[in-house]
Amino acid sequence: MGYDDVISHTGEIGRYQRRIFLVNFLPALTSAFHVMGGVFLGGVPKFRCLTPEEDRENATYILQPDTANFTHPWDNATQSSSQCERYNRTNGDLYQLRSNDTLSTFGLVKCDSFAYDDSQYEATIITEWDLVCNNASLKTVSESMFMIGVMIGVLTFGALSDRYGRKRILIRGSVLQLISGLLVAASPNFTMYVILRMIVATTSTGLYLVAYIAAIEMVYRKKKIPAGTISFFFVGGCLLTVLLAYYIRNWRILQLAYTAPTLLFLAFSWSIPESARWLLSKGRVEEAKNILHKASMENGVKLPRDTLDELLITGSEDKPNSKKSSLLDLLRYPNIRKRSLILAIIWFLNNCTYYGLSWNTANLAGSVHVNSAIAAFVELPAIAFLMFTVDKCRRKVVLGTCMMLSSVSLLSTVFVPHDMVWLVTGLAMIGKLTITVSYSTLYIFTSEQYPTSVRNIGVGTCSATARFGGVVAPLVLQLSRISSLLPLITMGCSIVLAVLLLLLLPETSKKKLPETIEEVEGFGRRKKKSKQANTFLNGVDNTQALQKP
């Protein structure tokens, strides 16, 4: 009872909750902008090496084929003129080359200046700081550093909001995001760009997490509407990311557009109250009562102060003292240790594949804007499927089937004929759809694997470990320099490992959640006893042997 009972009396999803949801979910939009916007901020256009006599300001990407043959060596890997090397010659050597055919007399030098195709991007960090050829790895470094920032945000913002309050961290974090986002757009060099965008990454994911926590604390614990709604906001943000990038082709102006919604949130932040549940947990009962009373009035529900006091007092009585848990509890006990290790690997592989497929749209055939829009749009049916099946299907069946479908679709790209590049894109999108369902289900499945005393720590640790997958994802995408299919094949093989590891974990659907560590540790021993009993007693029901006390 207690707080949940009060919420049921004030109106579970009324006008008050909808208004707060609308404001609190704005960080989900900005999170999508900054996480997925890197595809366009760091878009890699087609490019070629400039010759000494060409002026970069006036040079165009298109070069006559007969001229290219005499200025750049042939690259057998790409079946075109080299993009990173040229013949070491001067303008006066061109006539001699054509008349005497003495290409071998000139050595090769690395290109230090480039011309870029502006049909898809007007200006990106790639074209501004020449992050191609020998400097191409710097783009990967920036993306990995961004995901390290995401990991820091996951680890810090939740703890800060537990200590200082949801509203305070949302506002202060948004101010930091606004300042750092604007400074990214004004970055004078690549180093400052990486550092500032890492700060943006910390705030974007951190604010998303705090907004989600604040949302679920406003409704009855059995309601799943906030979770589904915030996911739709994130997907909507991904689609808007593509739309803005399509019309804004300059990365600095685009970064300003991605930062603008933070101003909108700050403008409306005055209208959102502190979380009443958090206030109660900190003993600030009168403040919580005032907020709950205002909520009931806005929802058109009469809730007298006396009734409110009685409900809160009833819920606060006879609360058992709980022992404070720590990260060591995940390592101290054998069964929990095994589950934690397996889940951490599955999370890592799912996260790497999810972000890898999200960012790989630039390496697929066709327009990067169309591919990115499709990759975002396929998440809508994935989220809808999850919301309608989360309580009806077995967790392991949903997880295993979706991961296996993702793996099969990605590995099937090997057999696609070279002239059917559209099919490769289609299979990659099927992989994205199914891995989205898998990744979302993993949150629920993981929380049900742990007892109540270490559930938050267990889920938080797995979520933090998963961010290393995001750090590795840009490195996997670098394999596209060898073959555009290699990143897809690598991710497909990794998901097979995740499916195999999933078989080692117990099913949790429609089973009582473990309350104590002893229940989890006793589960394995009861399972062994049941197997021994089955060798002597035919027809013994295994589920009876596994019943929890």
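The values are calculated or read from the model by the stated rules, or taken from the named source; none is laboratory data. Everything numeric in this text was worked out from a predicted model, so none of it was measured. Neighbour counts are summed over all protein chains in view; Cβ atoms, including those assigned to glycine, are modelled from backbone coordinates with ideal geometry. Keep in mind that these areas ignore ligands, DNA and RNA; they rest on the heavy atoms of the full protein, side chains included. Shrake-Rupley method; radii C 1.70, N 1.55, O 1.52, S 1.80 Å.
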Practice prompt. Those residues that are outside any helix (DSSP H, G or I) and either under 20 Å from Met151 (Cα atoms) or open to solvent by less than 10 Å² (accessible area, probe 1.4 Å) (or both), I need them from segment 180-205; list them, please.
Written response: Ser187
Worksheet item: Can you name every residue in segment 381-394 that is part of a helix (DSSP H, G or I) and open to solvent by less than 20 Å² (accessible area, probe 1.4 Å)?
Response: Ala382, Ile383
Discussion item. Quick test of your reading of the structure: Tyr208 fulfils all but one of (1) open to solvent by 50 Å² or more (accessible area, probe 1.4 Å); (2) closer than 30 Å to Arg56 by Cα. Name the failing condition by number.
Written reply: (2)
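Using the structure shown, decide if Asn100 is at pLDDT 70 or above, out of contact with any Asp or Glu (no Cβ under 8 Å at 6 or more places or on another chain) and more than 30 Å from Ser174 (Cα to Cα).
Criteria not met by Asn100.
Residue by residue, here is whether (1) modelled with pLDDT of 90 or more; (2) under 24 Å from Asp162 (Cα atoms); (3) hydroxyl-bearing (Ser, Thr, Tyr) holds:
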{"position": "Val242", "(1), (2), (3)": "yes, no, no"}
{"position": "Ala260", "(1), (2), (3)": "yes, no, no"}
{"position": "Glu286", "(1), (2), (3)": "no, yes, no"}
{"position": "Ile291", "(1), (2), (3)": "no, yes, no"}
{"position": "Val301", "(1), (2), (3)": "no, no, no"}
{"position": "Asp306", "(1), (2), (3)": "no, no, no"}
{"position": "Glu310", "(1), (2), (3)": "no, no, no"}
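Quick one: which of Ile148, Ile126, Ile171, Ile152 is assigned to a helix (DSSP H, G or I), buried (at least 20 other Cβ atoms within 10 Å of the Cβ) and in contact with a helix residue (DSSP H, G or I) (Cβ under 9 Å, 6 or more places away or on another chain)? Please lay out each step first, then the result.
Details: Ile148 fails: buried (at least 20 other Cβ atoms within 10 Å of the Cβ); Ile171 fails: buried (at least 20 other Cβ atoms within 10 Å of the Cβ); Ile152 fails: buried (at least 20 other Cβ atoms within 10 Å of the Cβ).
Going through Ile148, Ile126, Ile171, Ile152 in turn, just one is assigned to a helix (DSSP H, G or I), buried (at least 20 other Cβ atoms within 10 Å of the Cβ) and in contact with a helix residue (DSSP H, G or I) (Cβ under 9 Å, 6 or more places away or on another chain): Ile126.
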Practice prompt. Kindly check whether there is at least one residue in segment 65-73 that is part of a loop (DSSP other than H, G, I, E, B), crowded, with 17+ Cβ neighbours inside 10 Å and modelled with pLDDT of 85 or more.
Written response: no
Fill in: Single condition Glu274 does not satisfy, out of (1) in a loop (DSSP other than H, G, I, E, B); (2) modelled with pLDDT under 70; (3) open to solvent by less than 80 Å² (accessible area, probe 1.4 Å)
(2)
